[in-house]
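**Student:** Shown below is the structure under consideration.
Every read-out reported here was derived from the displayed coordinates using simple, explicitly stated rules and does not represent laboratory data. The shown structure was predicted, so the numbers you read here are calculated from the model rather than taken from an experiment. Backbone-built Cβ (ideal geometry, glycine too); neighbour counts: all protein chains shown.
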Amino acid sequence: MAQRVPPAQLASLLRDAITRLNRRVRQSRPVGELTLTQLSALTSLELAGALTPRELADTERVQPPTMTKIVAKLEERGLVRRTPHPTDRRQVILSTTDSGREVFAQFERARNEWLGHRLAELTPEERETLRQAAAILQKVARA
C-alpha cells in the first residue's frame, strides 16, 4: 500500500526533484556562445511569438537595462530582430529570426535527447507513472 505523505512534505520533495531535474536538463544544452540567460530570453521570445523589451524583461524577471544588454547580444548574433510597434512609435517588437528559431530548435533537441536517454533507463511502469505525474503537474501548474 502506498505511504501517505503530508502535503507540506510532498511539496518539499516535489520542489527539490523538479529543481534538480530542471537544472540537469538546462545543463544538457549544446555548448555554444549563448549564456543560459540569453537562451532563456530566446526561448521566451520563441514561445511568445513576439514581445516588447519590457514584456520580455517582465517574463524573464530581470530589470529592463539588463534585458537591453541581453537583447543586444542576441541581436548581434542575428538571433533576434526589432520591428516597429504597430501602434506606439516609441516601442519596438522583438521576435526571433530564422537563425534564432534554429538555435532554439537545437536547444530543444539536446534537452529532449538527454531526457529521453534518462527515461529509456526506466522500466515501462516507471515511465507510465511519470506520464501520469506529468498530467498532474500540468494540473497543479494551471491552478
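**Student:** If you line up the long axis of helix 98-120 against the longest principal axis of the chain, both from Cα atoms, how many degrees apart are they, to the nearest 10?
**Tutor:** On a 0 to 90 degree scale, this one is about 10.
**Student:** Same structure again: Nothing charged except the Cβ atoms of Lys and Arg (+1) and of Asp and Glu (-1): what's the magnitude of the dipole of the chain about its Cα centre? Round to the nearest 20 debye.
**Tutor:** That gives a dipole near 340 debye.
**Student:** Quick one: net charge around Trp114, please, counting Lys, Arg +1 and Asp, Glu -1 for every other residue with C-beta under 13 Å from its C-beta.
**Tutor:** Summing Lys/Arg as +1 and Asp/Glu as -1 gives +4.
**Student:** Please list, in chain and number order, the residues 5+ apart from Thr97 or on another chain whose amide H is under 5 Å from its amide H, with Hs placed from the backbone.
**Tutor:** Under 5 Å from the amide H of Thr97 lie the amide H atoms of Val80, Arg81, each far enough along the sequence or on another chain.
**Student:** Helix 7-27 versus the longest principal axis of the chain: what angle, 0 to 90°, nearest 10, using Cα atoms?
**Tutor:** It works out to around 50 degrees.
**Student:** While we're here: GNM, the chain, Cα, under 10 Å: largest mean-square fluctuation among Glu121, Glu55, Glu108?
**Tutor:** Glu121
**Student:** May I pose another question? Tell me which trypsin sites (Lys or Arg not before Pro) from the stretch 1-84 have a DSSP coil assignment and no more than 15 other beta carbons within 10 Å of their own.
**Tutor:** Filter output for the stretch 1-84: Arg4, Arg61.
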